[in-house]
1. So, in the stretch 79-109, exactly how many residues are farther than 24 Å from residue 51 by Cβ and of a type in the set (A, V, I, L, M)?
2. Return a yes/no flag: does the stretch 97-108 have any residue that is under 16 Å from residue 15 (Cβ atoms), at pLDDT below 95 and open to solvent by 40 Å² or more (accessible area, probe 1.4 Å).
3. Which of the residues belonging to the stretch 80-96 are in a loop (DSSP other than H, G, I, E, B) and at pLDDT 95 or above?
4. Can you tell me which residue within the stretch 18-43, out of those that are basic (Lys, Arg) and under 23 Å from residue 82 (Cβ atoms), is surrounded by the fewest Cβ atoms within 10 Å (Cβ to Cβ)?
5. Give all pairs with beta carbons closer than 6 Å in which a residue from the stretch 38-58 that is at pLDDT 90 or above meets a residue that is small (Gly, Ala, Ser) and surrounded by 13 or more Cβ atoms within 10 Å (Cβ to Cβ); count only pairs at least 6 apart in sequence or on separate chains.
6. Any residue at all in the stretch 66-75 that's touching a strand residue (DSSP E or B) at 6+ places or on another chain (Cβ under 6 Å), crowded, with 17+ Cβ neighbours inside 10 Å and in a helix (DSSP H, G or I)?
7. Pull out all pairs, ordered by first then second residue, where Cβ-Cβ is under 8 Å, the residues are six or more apart or on different chains, the first lies in the stretch 5-20 and is assigned to a loop (DSSP other than H, G, I, E, B), and the second is of a type outside the set (A, V, I, L, M).
8. Please state which one of 22, 47 is of a type outside the set (Phe, Trp, Tyr), within 12 Å of the chain's Cα centre (by Cα) and closer than 25 Å to residue 2 by Cβ.
Amino acid sequence: MDITKETTDWGIVYYYKNDCCRFALYAYNDDKNTMYLSNVKVEQSARGRGLGNRILELADKEAKKYNYTVICLKVLKTSWVHDWYANHEYSDLCYDGEDADYVWMKHTL
């Protein structure tokens with residue numbers, strides 16, 4: 001998986017997209033410790049091949065490469081995806097202030 005890097009006024013976005021999966025990893029200029037994982041998706045037809053695990057591995061690798069120590073993401077608390085992230089060393093950090101059904105999760109590298 002080749003990751004594309006885009007520099008913006010507010011920070012850097014690393015993203016990957018192909019026919020069966022995608023994700024984005026954001027780094028803000030004012031926070032040198034935390035990256036944010038977003039837009040993670042593995043198409044139903046491609047599940048079970050380890051692509052989600054590979055995405056998390058790539059996110060960890062990119063964050064470490066630039067000396068970030070934490071990856072955060074927002075997820076629906078009652079979804080299976082929440083449990084999947086929890087099984088991959090992400091822990092609940094706090095509820096989202098805009099929508100109490102969502103929780104921010106954190107992974108320390």
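The values are calculated or read from the model by the stated rules, or taken from the named source; none is laboratory data. In this text the structure is predicted, and so the values were computed from the model without any measurement. Here the Cβ positions follow ideal geometry from the backbone for every residue, glycine too, while neighbour counts run over all protein chains shown. Heads up: the accessible areas ignore ligands, DNA and RNA and are worked out on the full protein's heavy atoms, side chains in. Shrake-Rupley method; radii C 1.70, N 1.55, O 1.52, S 1.80 Å.
1. 2
2. So in the stretch 97-108, the residues under 16 Å from residue 15 (Cβ atoms) come out as none.
There is no residue in the stretch 97-108 that is under 16 Å from residue 15 (Cβ atoms), at pLDDT below 95 and open to solvent by 40 Å² or more (accessible area, probe 1.4 Å).
3. Let us first name the residues in the stretch 80-96 that are in a loop (DSSP other than H, G, I, E, B), namely 87-90, 96.
Hits for the stretch 80-96 are 87, 88, 89, 90.
4. So the first thing to find is which residues in the stretch 18-43 are basic (Lys, Arg), and the list is 22, 32, 41.
Now restrict to residues that are under 23 Å from residue 82 (Cβ atoms): 22, 41.
On the way: 22: 16, 41: 14.
Among those residues, the one meeting the criterion is 41.
5. Pairs found: 38/24; 39/24; 42/52.
6. Within the stretch 66-75, not a single residue is touching a strand residue (DSSP E or B) at 6+ places or on another chain (Cβ under 6 Å), crowded, with 17+ Cβ neighbours inside 10 Å and in a helix (DSSP H, G or I).
7. If the second residue must be of a type outside the set (A, V, I, L, M), the pairs left are 10/28; 10/29; 19/43; 20/43; 20/45.
8. Values: 47 fails: within 12 Å of the chain's Cα centre (by Cα).
Only one candidate passes the filter, namely 22.
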